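Engineer: A single structure is presented below for examination.
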Amino acid sequence: METASNTENLIAYAAKRAGVAESILCLTISLFAGLPLAFVYRAFCYRKNPTTQHFFITVCGLLLAFFCFGWSCFHSVVNILLAYLLLRFGGPKTVTVILMFLLNVGYLITGYVFKSYSNDYSVSWTTAHCVLCLRLTGLAWDYYDGHQDQEKLSEDFKSTAIYSCPSLLQIASYCFFFGGFLVGPQFPIRKYLELIEGRLIDKKDDISNSRNLAGLKRFTIGIMYLVTFTLLQPRVKGSFLATTEYDKKSFLYKLCYAIATTKVSVMKYQAVWLIAEGSCIISGLGYNGRSADGQVRWDGCRNVHLLLFECAYRFQHVIDAFNLKTNQWMFRYLYKRLRFLGNKLLSHFLTLAFVALWHGIEPGFFLCFIGEFAVIVMEQQLLSFCRRVIQTSFEDFPPLFKISVILFGACLRLSGVAFFLVPFLLRRLDLSHKAWLSLYYIGPVVLGIWFVLYPLVLKPLARVQKIETKDPNENKLRQSAKED
């Protein structure tokens, strides 16, 4: 008891000195612990008895969870046990998948509801439970897919399908894997079991030193992002966005401040994902075959494409580069499963509505992801309009024009992302309203104008333009006939 008390005092002292909450410090330490645990796993457990591997990983994950969340970590244990019983007795049926979804999402939302009463937005057991919710739901789908007609199943579903119900120890190990249970990434159980059984990595690639180099590289970049976030975060407070002082500033200042605040805020997500990815790579889970030029790839657990994200000049680039594994999960297990609706736009909207709910029950999350939906739709319509009117590939434009378009697009992307990330940061409706009012609601105004203008003016104009340029000779004949 005295040792535990001394540890708590040490954590409290270190958190106070660092100027962060104890829960955040505990999470950071646990993420850092993933790297040495990955080395220990490779040195003493890898390619050994699978039961030993599962036991080692489960114990390590449980200890880290207890260190982070105390006795609240047993919410995860209870959820895992209920999910296992549901799979074991429910079997690979549609009703099992539905009940699994309701169980996991219901458990998570219940945690959010109780947490909302205290207005506590710090790290808690629900942080890791977000990851667990998707992992267990995906597991039910994979078990279901393994018992469908394989000839009718898509290649994507076949690649993750499993054909027997995993044991409780296998599921616990899968959920508590030290490289991914706290902040992700998501990965299918089939890939995880292949790692445990020694079938994931080609043996000649397994002895390659590139694994350690790749893992340490991503881990180090993650630390760099974390240090940058720690240094910049005190200078750009999200709470300032909803103050009278902020409202009195010039529009340009307010927009730039919102961009800086959201940009810095995103860095913490990039940091923790990169650190976790380093652990996944070292353990071997990041293996992704070989590239076209024969290089071993260790990007199988990549959750952020740094170059694309930092250089993005389209909103779609942001989607394609950020939180990749969660986006892939949503596409595979939710968007594709909604194809019975027969409407891609509706499936897209419902998927993003679930993403908002998965993040929390605060209105700010819904404003953020509804905004994302509207912006992506607008961007697709705008690009479609430009292709029809200009009818020239972007690659064929002069370099100076392309640079101008890219810079203009990057400015729009930064402004749009910042505007709709503001409610994600502030969460509350009243605070989001104050911040948006200070920015003159420019986001909804631009979207509103576009969605009125596009169907009434731009879309018909593009259709006419396409007809006029479809056959120049025919157009000349028509014009001559009119003149006659």
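The values are calculated or read from the model by the stated rules, or taken from the named source; none is laboratory data. Quick caveat: nothing in here was measured; it's all calculated off a predicted structure. Positions of Cβ are generated from backbone atoms using ideal geometry, with glycine treated the same way; all protein chains shown enter the neighbour counts. The protein model used for the area step is the full one, side chains on, heavy atoms only, and it has no ligands, DNA or RNA in it. Shrake-Rupley method; radii C 1.70, N 1.55, O 1.52, S 1.80 Å.
Engineer: Tell me, which helices (runs of 4 or more DSSP H) wholly within segment 163-252 include 3 or more residues that are touching a helix residue (DSSP H, G or I) at 6+ places or on another chain (Cβ under 8 Å) and within 26 Å of Val266 (Cα to Cα)?
Structural biologist: 210-232
Engineer: I'm trying to understand the selection: among the residues of segment 65-96, which are open to solvent by less than 20 Å² (accessible area, probe 1.4 Å) and under 15 Å from Leu132 (Cα atoms)?
Structural biologist: Of everything in segment 65-96, those that are open to solvent by less than 20 Å² (accessible area, probe 1.4 Å) and under 15 Å from Leu132 (Cα atoms) turn out to be Ala65, Cys73, Ser76, Asn79, Ile80, Ala83.
Engineer: Looking only at residues in segment 143-183 that are open to solvent by less than 10 Å² (accessible area, probe 1.4 Å) and under 14 Å from Arg88 (Cα atoms), which one is nearest to the chain's Cα centre (by Cα)?
Structural biologist: Residue satisfying both the conditions and the ranking: Ile171.
Let's see how each residue does on (1) hydrophobic (A, V, I, L, M, F, W, C); (2) in contact with a Pro (Cβ under 9 Å, 6 or more places away or on another chain):
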{"position": "Gly364", "(1), (2)": "no, yes"}
{"position": "Ser384", "(1), (2)": "no, no"}
{"position": "Pro399", "(1), (2)": "no, no"}
{"position": "Leu407", "(1), (2)": "yes, no"}
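Engineer: Scan segment 49-56 and give yes if some residue there is without any contact (Cβ under 8 Å) to a residue 24 or more places away in the chain, open to solvent by 60 Å² or more (accessible area, probe 1.4 Å) and closer than 16 Å to Leu193 by Cβ, otherwise no.
Structural biologist: Scanning segment 49-56 turns up at least one residue that is without any contact (Cβ under 8 Å) to a residue 24 or more places away in the chain, open to solvent by 60 Å² or more (accessible area, probe 1.4 Å) and closer than 16 Å to Leu193 by Cβ.
Engineer: Another question about this same structure. Is there any pair with a first residue in segment 280-294 that is on the phi > 0 side of the Ramachandran plot and part of a loop (DSSP other than H, G, I, E, B) and a second that is open to solvent by 10 Å² or more (accessible area, probe 1.4 Å) and not acidic (Asp, Glu) whose Cβ atoms are under 6 Å apart and which are 6 or more apart or on different chains, and what are they?
Structural biologist: Within 6 Å, the pairs are Gly289/Arg297.
Engineer: Residues that are in contact with a Cys (Cβ under 6 Å, 6 or more places away or on another chain) and open to solvent by less than 30 Å² (accessible area, probe 1.4 Å): which helices (runs of 4 or more DSSP H) entirely in segment 371-466 hold 1 or more of them?
Structural biologist: By residue number, 399-426.
Engineer: Follow-up question, since we're still on this one. Considering (1) open to solvent by 10 Å² or more (accessible area, probe 1.4 Å); (2) in a loop (DSSP other than H, G, I, E, B); (3) not hydroxyl-bearing (Ser, Thr, Tyr), say which one Trp273 fails and leave the rest.
Structural biologist: (2)
Engineer: Still on this structure, I have one more. Given Leu352, Leu345, Leu334, which one is farther than 18 Å from Val272 by Cα, within 12 Å of the chain's Cα centre (by Cα) and either in the same structural domain as Ile282 (by the TED database) or in a helix (DSSP H, G or I) (or both)?
Structural biologist: Values: Leu345 fails: within 12 Å of the chain's Cα centre (by Cα); Leu334 fails: within 12 Å of the chain's Cα centre (by Cα).
One residue alone meets the criteria, Leu352.
Engineer: In segment 191-248, what count of residues is obtained for those that are surrounded by fewer than 20 Cβ atoms within 10 Å (Cβ to Cβ) and touching a Pro at 6+ places or on another chain (Cβ under 7 Å)?
Structural biologist: The qualifying residues number 1.
Engineer: Of the conditions (1) more than 19 Å from the chain's Cα centre (by Cα); (2) open to solvent by 30 Å² or more (accessible area, probe 1.4 Å); (3) outside the structural domain of Val375 (by the TED database); (4) farther than 23 Å from Gly416 by Cα, Gly284 clears all except one; give me its number.
Structural biologist: The number of the failed condition is (2).
Engineer: When you look at Phe315, is it surrounded by 19 or more Cβ atoms within 10 Å (Cβ to Cβ), in contact with an Asp or Glu (Cβ under 6 Å, 6 or more places away or on another chain) and at pLDDT 95 or above, yes or no? Outline the logic, then answer.
Structural biologist: Working: surrounded by 19 or more Cβ atoms within 10 Å (Cβ to Cβ): yes; in contact with an Asp or Glu (Cβ under 6 Å, 6 or more places away or on another chain): yes; at pLDDT 95 or above: yes.
Judged against the criteria, Phe315 is a match.
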